[in-house]
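The values are calculated or read from the model by the stated rules, or taken from the named source; none is laboratory data. All values reported here derive from a predicted model rather than from experimental measurement. Note: ideal-geometry Cβ built from the backbone for every residue, glycine included; neighbour counts use all protein chains shown.
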Amino acid sequence: MPNSIITGTGSYIPTRGVPNDHFLNHRFYDSDGTEFNTPNAEIIEKFRDITCINERRYVTDELNTSDIAFIAAEQALEGVDRESLDYIIVGQNLGDVRVDDRRCDMVPTIAARVKNKLGIKNPYTVAFDVPFGCAGWLQGTIIADYFIRSGDAKKVLVIGAETLSRASDPHDRDSMIYSDGAGAVLLDATDSNVGILSHVSRSDTFENVNLLWLGKSSNPSCNGQRLYIKMDGHEIYKYAVRTVPEVVKKSLDKAGLTLTDVNKVLIHQANQKMDEAILKRLFKLYKVEEIPEHIMPMTISWLGNSSVATLPTLYDLLQRGKLNNHRLRSGDIAVFASVGAGMNINAMVYRMP
């Protein structure tokens, strides 16, 4: 049975940097429609303390989700015959949200649009999207691994792309978290005992399905039909810290490994304090007191939370040597983990070729 290895990576980091002081003149409202009396400078400072975000990236007006997904894909496919791809899988949730019409546009799929932009004529290069919350890119990678292990595919392109800036409510404090971006990986089949070793997915829909949703603006004077990303941040934090470590441990158990075998933990960049709490609880599960200094690279302080794009972007920057003090070498073990709307959680164990 073949394994899946990552043979190419790419990412698109939008050129427009948006610092925290961009929000100084916003009018923020609570979920009940009451405007906050707290000065914005104080709100922003508290936000920075909680999330560690100093700035985020937004796409420029001429770009949409399918455009930046295509740019990341081109990087990942450098030197590769595009017609040889068996699948193109895109993790995304909102489709193309144009600057002049901010409704979700998901027909045709983002994957179909990317295939078209890549100029691929092969009808057996199957393109489809995976809407799985912020965990969508990793779930797409897991699906790709199943295709490769089954013998159904030899080459699969998996992309995560989103333009959350166009679906965030300017009157909601949580809008400061969201950003735009795209990341991609190319998976190839290999007979070696490297690459993807195991993965575990979980969906907690019974009690947690409505922790993140699309809803109307927090500003009661905005009476239009537009919907924006909304979340119960406090409950998501508790859910993620409680549940993500369990799924990571299950994936390591499935691979026959333990936490001390792991060289890097790559977690969806949702909130730095939350990711640090997840890591701390994970080590507690293994009764390991000392957390290695450079085990968890972070990009959220300057890239924000770009949903499905955070993990592939993080891995691309890591592989290109663009994250100081972070390296992955042949034989190293990396654990990928993400959590998103649904609520959905997944984890994957990967041995570097």
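Counting only strands (runs of 3 or more DSSP E) that sit wholly inside segment 151-226, those with at least 1 residues that are within 21 Å of VAL90 (Cα to Cα) and out of contact with any strand residue (DSSP E or B) (no Cβ under 6 Å at 6 or more places or on another chain) are 155-163, 180-190, 212-215.
Residue check: is ASP129 over 20 Å from the mean Cα position of the chain (by Cα) and under 30 Å from ASN271 (Cβ atoms)? Walk me through it before giving the result.
Values: over 20 Å from the mean Cα position of the chain (by Cα): no; under 30 Å from ASN271 (Cβ atoms): yes.
The answer is no for ASP129.
The residue list LEU214, LEU282, LEU257 contains one member that is of a type outside the set (Asp, Glu), within 24 Å of ILE159 (Cβ to Cβ) and more than 17 Å from the chain's Cα centre (by Cα), which is LEU214.
As a summary of the residue check, HIS234 satisfies the conditions (1) modelled with pLDDT under 95; (2) in a loop (DSSP other than H, G, I, E, B); (3) not assigned by TED's automatic domain parsing to the domain that holds ARG102 except for the one numbered (2). Each residue in segment 94-126 was checked for being over 20 Å from the mean Cα position of the chain (by Cα), assigned to a loop (DSSP other than H, G, I, E, B), buried (at least 17 other Cβ atoms within 10 Å of the Cβ) and among the hydrophobic types (A, V, I, L, M, F, W, C), and 2 pass.
Contact map, segment 179-201: first residue over 25 Å from ILE110 (Cα atoms), second residue of a type in the set (Lys, Arg) and assigned to a strand (DSSP E or B), Cβ cut-off under 9 Å, separation 6 or more or different chains; pairs are ASN193/ARG351; VAL194/ARG351; GLY195/ARG351; ILE196/ARG351; LEU197/ARG351. The set of residues in segment 27-50 being buried (at least 18 other Cβ atoms within 10 Å of the Cβ) and either assigned by TED's automatic domain parsing to the domain that holds ILE229 or not in a helix (DSSP H, G or I) (or both) consists of PHE28, TYR29.
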